[in-house]
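Only one structure is covered here, and it is reproduced in the block below.
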Amino acid sequence: MAATTVIIASYSGFLKEEATSVCAAAIKALTEGIRRSTATTLMGLRNDLMQAGEALKQCDDAPISIESLCELFVRFVTRTALDVPDFGSCKALLIERGEMFAQKAQAARDRIAQLGAPFVTDGAMVLTHGYSRMVLGVLLAAAARGCHFSVLVAESHSGGGGHATAHELARAGVPVTMIEDAAVAHAMARTSLCLSGAEAGGAAAVVESGGVLSKTGTFQIAIVAAACKKPFYIAAESTKFARKFPLSQLDLPAAEARASGTARGRRGPPPPTLRAETPSRDYTPPSYITMLFTDLGVLTPSAVSDELIKLFT
């Protein structure tokens, strides 16, 4: 098997391709792992793939769902492997199926856009935050259908991904207004629907309960939307479905639960005992989510566990 550094380098390289999603990049890197593997048996190849998955998990921008994604990848590519008489042909088949799986992951964005666009109606005001390729795909597809709507985009600091979303929507001719994250509740009264992705810099998950691990701020928008009786939708690929079951913010991965640093003050250096927490993800329970737009269809949160069972059996 290629060294883990080669797998990580492949993953980083695929991520730089503009049209490649995080999950598709991980799948392509795993396929590259098969291509470079020196294993001579199917069992050895499976072990190499699991090691590659462990290497990808160490990447800062790897999906939280990478463990489930790796298991799903192994199941998909090895499903018919035993029907091939020799290992050389078997390996070629696995590479072919890996490339097919990556293409399927890439096509998910168009499928989600087609399913989600009809939910954006004429005259609607859509509230979103941060940057999500899936959300952007839904909104651009709605605009392409001739729908006239406007978008409120929360900045989503500290990364400020909302500015990238606003720029792309404005370039497509969609009316956009930027708001501060703290102004979400103020803006909710004029909002028709809220739309978020299962993203955190491109990496998050839809968990077994139908809840979502996503960019910090998603949960607070969902709470305000529920209080104001506004629908809250999630757009996410099925490759981000993860066999995890968090119950609260305390169950987030250790690295995400309490990301912290030295506090910054506007009036000189802060006291040395003052700290600032900047978690990149939060957990939104399924009770706050109206529907999920996925490449498997438009799902209720309760349907996610059923789809996970289908994927892994």
**Request:** Name the long-range amide H neighbours of residue 241: under 5 Å, sequence gap of 5 or more, or other chain; modelled H, no Pro or chain starts.
**Result:** 206
**Prompt:** In terms of modelled amide H atoms, which long-range or inter-chain residues lie less than 5 Å from the amide H of residue 196?
**Reply:** 233, 234, 235
**Prompt:** For the chain, treating each Cα as an identical point scatterer without solvent, what Debye log10 I(q)/I(0) comes out at q = 0.13, 0.14, 0.16 1/Å?
**Reply:** -0.94, -1.05, -1.29
**Item:** Volume of the Cα convex hull of segment 194-252, divided per residue and given in Å³
**Value:** 84 Å³
**Request:** Please give the peptides 70-76, 21-27 ranked by average Cβ packing (other Cβ atoms within 10 Å per residue), highest first, as a rough proxy for protection.
**Result:** 21-27, 70-76
**Asked** When DSSP assigns beta bridges and you keep just the ones with both residues in the chain, what percent turn out antiparallel, to the nearest 5?
**Response** 40 percent
**Using θ = phi - 60° and Karplus 6.51 cos²θ - 1.76 cosθ + 1.60, couplings along segment 270-280 (whole Hz; Gly, Pro as x)** = x, x, x, 8, 7, 10, 10, 9, 10, x, 8
**Request:** Specify which residue in the list 176, 141, 94 is farthest towards the positive end of the charge dipole of the chain, using unit charges on the beta carbon of Lys, Arg (+1) and Asp, Glu (-1), about the Cα centre.
**Result:** 176
**Prompt:** If you project the alpha carbons of segment 82-196 onto their three principal axes, what span does each projection cover, largest first, in Å?
**Reply:** 65, 34, 23
**Request:** For 237, 54, write out the residues from largest to smallest accessible area, computed with a 1.4 angstrom probe and no ligands counted.
**Result:** 54, 237
**Request:** Please give the calculated 222 nm ellipticity per residue for the chain, where each DSSP H segment of at least 4 residues contributes -39500 (n - 2.57) and the sum is spread over every residue; nearest 500 deg cm²/dmol?
**Result:** -13500 deg cm²/dmol
**Message:** Please give the charge dipole size of the chain, origin at the Cα centre, charges +1 on K and R Cβ atoms and -1 on D and E Cβ atoms. Round to the nearest 20 debye.
**Reply:** 380 debye
**Request:** For residue 132, list long-range residues whose amide hydrogen, built 1.01 Å from N in the peptide plane, is under 5 Å from its own amide hydrogen.
**Result:** none
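The values are calculated or read from the model by the stated rules, or taken from the named source; none is laboratory data. These numbers come from a predicted model, not from an experiment. All Cβ positions, even for glycine, are placed from backbone atoms using ideal geometry, and neighbour counts span all protein chains on display. For accessibility, only protein heavy atoms count, side chains too; no ligands or nucleic acids. Shrake-Rupley method; radii C 1.70, N 1.55, O 1.52, S 1.80 Å.
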